[in-house]
1. Considering only residues that are among the basic types (K, R) and away from ligand 1 (no atom under 11 Å from the Cβ), which ones fall in the range 23-50?
2. Across the range 51-103, what is the number of residues that are aliphatic (A, V, I, L, M), within 16 Å of ligand 2 (Cβ to nearest atom) and within 14 Å of K119 (Cα to Cα)?
3. Just one of (1) over 17 Å from the mean Cα position of the chain (by Cα); (2) among the β-branched types (V, I, T); (3) modelled with pLDDT of 95 or more trips up V192, so point out which.
4. Given (1) farther than 17 Å from D106 by Cβ; (2) part of a loop (DSSP other than H, G, I, E, B); (3) out of contact with any His (no Cβ under 8 Å at 6 or more places or on another chain); (4) open to solvent by 40 Å² or more (accessible area, probe 1.4 Å), identify the lone condition not met by L42.
5. Being over 14 Å from the mean Cα position of the chain (by Cα) and small (G, A, S), is that true of even one residue in the range 19-27?
6. Can you tell me which of S62, S84, S53 is open to solvent by 40 Å² or more (accessible area, probe 1.4 Å), part of a helix (DSSP H, G or I) and away from ligand 1 (no atom under 16 Å from the Cβ)?
7. If the requirement is being surrounded by fewer than 17 Cβ atoms within 10 Å (Cβ to Cβ) and under 29 Å from G75 (Cβ atoms), which of these qualifies: D207, D150, D216?
8. Within the range 158-189, can you find the residues that are within 16 Å of ligand 2 (Cβ to nearest atom), open to solvent by less than 40 Å² (accessible area, probe 1.4 Å) and not aliphatic (A, V, I, L, M)?
Amino acid sequence: MSARNIARFWEWGRKIICVGRNYADHAMELKNAIPSEPVLFLKPPSAYVREGSPILLPFYTSNLHHEVELGVVIGKAGTAIPQSSAMDHVAGYVLCLDMTARDVQDECKSKGLPWTLAKAFNTSCPISDFIPKEKIPDPGSINLWLKVNDIVKQNGNTSQMIFSIPYLINYISEIISLEEGDLILTGTPKGVSSVQEQDELQAGIDDILTMTFKVDRKS
Ligand SMILES: O=C([O-])CC(=O)C(=O)O
Ligand SMILES: [Mg+2]
């Protein structure tokens, strides 16, 4: 058997830890308070979808939203990782979409229920190719954008994050040990909106990378 390749980390079946409300402008557009601690939730590895395969609309939503996010790929395991050495645990990055059934999430919020149905369904985590760490020397200052059918919906900069990547790695790893091949989704800037069957989503990071996904209904 050949050695495992971090550039195909999504095949390893490791955790996807998502941070919510990490950009004040997005927290405000959904009328949420600015958090004083990171808001965390999980997606299963079955949420991954790669370019060439569609994002499938769950049958139980009529308001599926896109959220473009920077994903941080963990390359070295650790528990209670100090902020000062947090970046040593990063292997690279991916561009991610945190697909969210917003109507279902709103219902979960009002009933005090977990967000699993809203956030963790099959194809709820489209990802780009792996970006080695060296290609993004300053992940705290890059532009993320997303277009639906060629119309710009999201355009934010990671400098707007409330909690930085080292802060998040320290905070998360105090609670949930990080393993090689885990992915952290770092939250979305403002501009989230509804997508429909047959829409085309294009997203990118500066001039580093773009990715394209189509929305479809399960046949
Ligand atoms: O659903 C939400 O608004 C929370 C979230 O994932 C984000 O802020 O990226
Ligand atoms: Mg999100």
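The values are calculated or read from the model by the stated rules, or taken from the named source; none is laboratory data. Bear in mind that the values here come from a model prediction, so they are computed numbers and not experimental data. Heads up, the Cβs are rebuilt from the backbone with ideal geometry, glycines too, and the neighbour counts pull from every protein chain shown. When the accessible area is computed, the model is the full protein with side chains, heavy atoms only, and any ligands, DNA or RNA have been set aside. Shrake-Rupley method; radii C 1.70, N 1.55, O 1.52, S 1.80 Å.
1. Hit for the range 23-50 is R50, nothing else.
2. Within the range 51-103, residues that are aliphatic (A, V, I, L, M), within 16 Å of ligand 2 (Cβ to nearest atom) and within 14 Å of K119 (Cα to Cα) number 6.
3. (1)
4. The single condition L42 does not satisfy is (2).
5. yes
6. S84
7. D207
8. Matches in the range 158-189: T158, F163, T186, G187, T188, P189.
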